[in-house]
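Enquirer: Here it is, the structure in full.
The values are calculated or read from the model by the stated rules, or taken from the named source; none is laboratory data. Bear in mind that the values here come from a model prediction, so they are computed numbers and not experimental data. Cβ coordinates were reconstructed from backbone atoms using ideal geometry, including for glycine residues, and neighbour counts include every protein chain displayed. Heavy atoms of the whole protein, side chains included, go into the accessibility calculation; ligands, DNA and RNA do not. Shrake-Rupley method; radii C 1.70, N 1.55, O 1.52, S 1.80 Å.
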Amino acid sequence: MIDAVAVVVPARDEAALLPGCLAALDLSLSRLPAGIGRVVVVVADRCADKTAAIARRSGAHVVPNTEFTTIGAVRDLGCRTALAALPAHEPSKILLLNTDGDTEVAGAWAERHLARARRGWHASAGPAQLSEPFPGTRDAAARYRGIVARDKPNVYGANLAVRADAYRAIGGFGPIATGEDHALWQRLGEAGFRRCHEPAARVFTSPRRQGRAPGGLAALLWELNAGC
């Protein structure tokens, strides 16, 4: 039975969007049962702005990163820090919840992932929607909708839950520069862990075209508009 959740938030120069991210997380976590342990870890990833200070003021545990350069390694740093902050809980009873600093989770996000884990699923993935209208032409927007529909159900690092013992068993995300979420999901399946998609665990992410990770959503949005 899961008795603790740990939220990991990579954030690189996210001073503008991080307050909304953390406020949404606080609201979502407040809906969990009172006995559930919880910690929010923000990885201040090579930041040149006030990301770390904003996170600290919110009450989050902040870990600065100046060493790792891939998003997989950054997420792993956050997960290690989160697990170290919950020493009284066994890994099989901790749910690692992953999102991003430019993303706001829905109110039911944490409780829906928790419900899946308590029913025996080792990992669950939820949908990610743009927080604002598509930033581009109608043709580009149509192509984006086609990609999302074709690839359903999707897996996003901004909306991914995994039990800590399963996460450790496959070696975490690993030092992957892009696609770390899909790689983790695939290795979980190959190792025999139970995976599912939870459509009610929604997140809303920034539609910006200049992102922080190569090959991410921002790069896709830029490419779609550049191809018009």
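Enquirer: Quote the convex hull volume per residue of the stretch 33-91, based on C-alpha atoms, as a whole number of Å³.
Expert: Values: hull volume 5.6 nm³, N = 59.
Measuring per residue, one finds 95 Å³ for the Cα hull of the stretch 33-91.
Enquirer: Something else about it: With +1 assigned to the C-beta of every Lys and Arg and -1 to the C-beta of every Asp and Glu, and no other charges, what is the dipole magnitude of the stretch 9-128 about the Cα centre in debye, to the nearest 20?
Expert: Charge dipole, the stretch 9-128, about its Cα centre: 460 debye, nearest 20.
Enquirer: How many percent of the accessible area of the stretch 1-104 is carbon or sulfur, using a 1.4 Å probe?
Expert: 54
Enquirer: Okay, next question. Could you derive backbone 3J(HN,Hα) for the stretch 165-172 from the dihedral phi with the Karplus parameters 6.51, -1.76 and 1.60 (θ = phi - 60°), listing whole Hz in sequence and x where the residue is Gly or Pro?
Expert: Coupling constants for the stretch 165-172: 5, 5, 4, 5, 4, 9, x, x Hz.
Enquirer: Need one number: nm distance between label points at Phe68 and Gln186, each 7 Å from Cα along Cα→Cβ, rounded to one decimal.
Expert: According to this spin-label approximation, the distance is 2.0 nm.
Enquirer: Once fully extended, how much extra length lies between Arg194 and Ala16, figured as 0.36 nm per residue of separation less the alpha-carbon to alpha-carbon distance?
Expert: So the extension gain works out to 60.4 nm.
Enquirer: Accessible area per residue for the stretch 1-127 in Å², computed with a 1.4 Å probe and the full protein assembly in place, what is it?
Expert: Values: 5020 Å² over 127 residues.
Result: 39 Å² per residue.
Enquirer: For Asn154 and Ile36, compute 0.36 nm times the residue count separating them, minus their Cα-Cα distance, and round to one decimal in nm.
Expert: 39.7 nm
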